[in-house]
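**Q** Below: one structure in structure tokens.
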Amino acid sequence: MTIPLVNLARLHHPLTDEIRGAIDGVIRKGDFILGDEVKSFEEEFAAYCGTKHCIGVGSGLDALTIVLRGVGIGPGDEVITCANTFVATALAIQHTGGTPVLVDHDPKGYGLDPQCVKEAITDRTKAIIPVHLYGQAVDMDEINAIAKEHGLAVIEDACQTHGATYKGRRCGSLGRAGAFSFYPGKNLGALGDAGAIVTNDDDLASWIRSARNYGSAQKYYHTVQGFNSRLDSIQAAVLRVKLRHLDEWCAARRERADRYRTLLAEADVELPVQLPDRDHVYHLFVIRTRNRDALLTRLRESGIGAAIHYPVPVHRQASFDASGRVAGVLTETERSCEEILSLPICPCISDQEMVTIAREVTSFTTKKVADPRSVPTHAPRPQSRRRKRG
Ligand SMILES: *Cc1c(COP(=O)(O)O)cnc(C)c1O
């Protein structure tokens, strides 16, 4: 592979000394679990998101699971989310004993379709998890209005939207709480697994604070059935270094995305839609084409680390058993998972790399008649459903 999907080595290279220094500091101090670095990172990330609290945990999955438990989700409760997400969103609901209820995504972006959410509500519904997929916020005004009308908790899955905004406010601060992952490949990533929950709710924050640490606020006194899911000091120290660069990286991703739009102007693909009132942070640059599998093969043969996020929607995973259900029909989800393709993007992808990728995509997708591989593999869509993106 010559152009990886995300080039972490290149991203970290200029920060190597600073990161080493931060890690050395933790080793000298020896406070590896919930130490000063964790406290400082929590304060800094809460300030960055515009929330009162941030609680560091072990991963994005843990962040979602713990916050769902914190708002009282358990057996018999339904939580609505979308089928086109990473499996962790649904898994978190399953881990509480609750029922994931999967709905379709909206035809313009890839977020929860508010109309589908409304139709999925029953008297068992307790919460909604909007997933801000690929780096762009869901229509949170609509989701919050539905939640308010039905008395539901809104927990944002902000694992792909560090720094993204909706109407000027950061993702994660738009509902009752937001869950983040700092998996290395995310827009803000640790050097291992890590996650966090942000919220303005004091009671929820203090419940989570004790729940992540064996359910104890005071050592060896356990008030709730807690978890061992603590952000460790070394990861927090690394995250503090990287957080200082996050805004600059978000801007670089947007600039790279604009460059792709120019470079792909002649390609016969749909480009990602930029919805109004939002700053997209392009965790992924997802294009669509009817001839996706052949294009993916071609890019991989050329050493380009393109990928599919995600090839199998949650409702078709073996892990999605009788503990969950699908509400309505997932027309958009079924179609998009056949057509989506993520092109390499990161703050440090070079212009030359982008030109190479765009040239491959353009030459492949515009060779309509000459290339037998570009014959559509499934029936054409009805005209009314056809949309031009970009
Ligand atoms: C990465 C991700 C998660 C899970 O995060 P982990 O840190 O890997 O547990 C959850 N939801 C979404 C949308 C993600 O992209």
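The values are calculated or read from the model by the stated rules, or taken from the named source; none is laboratory data. Worth saying up front: this structure is predicted, and the values here are computed from it rather than measured. Ideal geometry is used to build each Cβ from the backbone, glycine not excepted, and the neighbour counts take in all protein chains shown. In case anyone asks, the SASA skips ligands and DNA or RNA and just uses the protein heavy atoms, side chains included. Shrake-Rupley method; radii C 1.70, N 1.55, O 1.52, S 1.80 Å.
**Q** Excluding the sites themselves, what is the longest stretch of the chain that contains no trypsin sites (Lys or Arg not before Pro) in a DSSP loop with at most 15 other C-beta atoms within 10 Å?
**A** 245-366
**Q** Right, here's the next one. Would you mind listing how long region 294-347 runs along its three principal axes, going by Cα atoms, in whole Å with the largest first?
**A** The principal-axis extents, from largest down, are 41, 24, 20 Å.
**Q** To continue, here is another question. If I take the Cα coordinates of region 93-184 and project them onto the principal axes, what are the three extents in Å, biggest first?
**A** 36, 28, 23
**Q** Taking R0 as 35 Å, what FRET efficiency do you get between Arg335 and Glu149 from their Cβ-Cβ distance, rounded to the nearest 0.05?
**A** 0.70
**Q** While we're on this one: What FRET efficiency do you get for Ala322 and Asp17 if R0 is 51 Å and r is their Cβ-Cβ distance, rounded to the nearest 0.05?
**A** That pair, Ala322 with Asp17, gives E of 0.45.
**Q** Quick one: how many Å² of His162 are accessible to a 1.4 Å probe, rounded to 10?
**A** Approximately 0 Å² of His162 is accessible to the 1.4 Å probe.
**Q** Apply 1/(1 + (r/R0)^6) to the Cβ-Cβ distance of Lys108 and Thr297, taking R0 = 25 Å, and write down the FRET efficiency to the nearest 0.05.
**A** Once the sixth-power term is evaluated, E becomes 0.30.
**Q** Leu8 to Tyr221: extension gain in nm, 0.36 nm per residue of separation minus the Cα-Cα distance?
**A** 72.6 nm
**Q** With the Cα gyration tensor of region 11-101 in hand, give its eigenvalues times 5 under a square root as the equivalent ellipsoid semi-axes, listed largest first in whole angstrom.
**A** Equivalent ellipsoid of region 11-101: 33, 16, 13 Å, largest first.
**Q** If you don't mind, another one. For region 217-373, taking Cα atoms only, what is the radius of gyration to one decimal and the Dmax to the nearest whole Å?
**A** In order Rg, Dmax, the Cα atoms of region 217-373 give 20.7, 72 Å.
**Q** Also, quick follow-up: Please give the direction-averaged projected area of the C-alpha convex hull for the chain, in square nanometres with one decimal.
**A** Hull-based average projected area comes out at 19.5 nm².
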